[in-house]
Amino acid sequence: MEISYATAETPLGLLMMAATDRGLCFVQIGESKVQMREGLRREYPAATLSAMPPAAQGAFKQWMRVLCDYLQDARTEIELPMDVRGTAFQMKVWDYLQTIPSGELRTYKEVAAAIGRPRAIRAVANACAANRLSLTIPCHRVIRGDGGLGGYRWGIERKRALIEREHAALTESV
């Protein structure tokens, strides 16, 4: 598998996106390009990784613009081609997460019930933690049953910021 990647500065930190010829396979927010490349390597150890090739610059720039626009204005819809890989259960969870409207939250328990597996609360949390596509698969919209934020692969402060941005954008548009 060949994966190309690019980075951009955003209000929440450095954003890296990576894609196969089928679409985005990795979107993360981090502190350094080196750290994020290492994270990409861990997720796809057998892949050939390379910086965005000139032939893909147009698509990559457009995709990056969509992601950066969302981080500037949470009312922006994210509809990008994705190359998502996971177990059947993970795919079910991730598909459901994409139906949660911006500015709304669900608990892990609500997600488990919605996918027909009401007792699989911990498995839902694990699927959220395994999500490789920050923002495009909005696992930040899932919280604990007690209202706590729970975890977030890219940092709890980023999760809080994303939720606050989406909530603010929702109240502005009402």
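The values are calculated or read from the model by the stated rules, or taken from the named source; none is laboratory data. Computed from a predicted model, the values in this text were never measured in an experiment. All Cβ positions, even for glycine, are placed from backbone atoms using ideal geometry, and neighbour counts span all protein chains on display. When the accessible area is computed, the model is the full protein with side chains, heavy atoms only, and any ligands, DNA or RNA have been set aside. Shrake-Rupley method; radii C 1.70, N 1.55, O 1.52, S 1.80 Å.
Data for the structure
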{"quantity": "Sulfur and carbon atoms: percent of accessible area, region 77-157 [1.4 Å]", "calculated": "50"}
{"quantity": "Heavy-atom accessible area order for His140, His167, largest first, 1.4 Å probe", "calculated": "His167, His140"}
{"quantity": "Net charge over other residues, Cβ less than 9 angstrom from the Cβ of Ile115 (K, R count +1; D, E count -1)", "calculated": "+1"}
{"quantity": "Per residue accessible area in Å² of the chain, where ligands, DNA and RNA are left out and the probe is 1.4 Å", "calculated": "51"}
{"quantity": "Contact order normalised by residue count of region 106-170, Cα under 8 Å, 6+ apart, percent", "calculated": "29"}
{"quantity": "Where GluC sites (Glu not before Pro) fall in DSSP loop in region 84-169, at most 16 other Cβ within 10 Å", "calculated": "Glu104"}
{"quantity": "Vicinal HN-Hα couplings computed from phi for region 111-119 (Karplus, 6.51 cos²θ - 1.76 cosθ + 1.60; Hz; Gly/Pro x)", "calculated": "5, 4, 5, 5, 8, x, 10, x, 9"}
{"quantity": "Sequence of Ile121, Ile3, Ile78 when ordered by accessible area, the most exposed leading, probe 1.4 angstrom", "calculated": "Ile121, Ile78, Ile3"}
{"quantity": "Rg ratio (alpha-carbon, reference 2.2 N^0.38 Å) - region 111-174", "calculated": "1.18"}
{"quantity": "Members of Lys33/Lys159; Lys61/Lys109; Lys33/Lys92 lying beyond 28 Å, as alpha-carbon distances in this model show", "calculated": "Lys61/Lys109; Lys33/Lys92"}
{"quantity": "Angstrom value of the Kirkwood radius, inverse mean 1/r, which spans all Cα pairs in the chain", "calculated": "16.5"}
{"quantity": "Magnitude of the charge dipole, region 71-162, Cβ model with Lys/Arg +1 and Asp/Glu -1, debye to 20", "calculated": "440"}
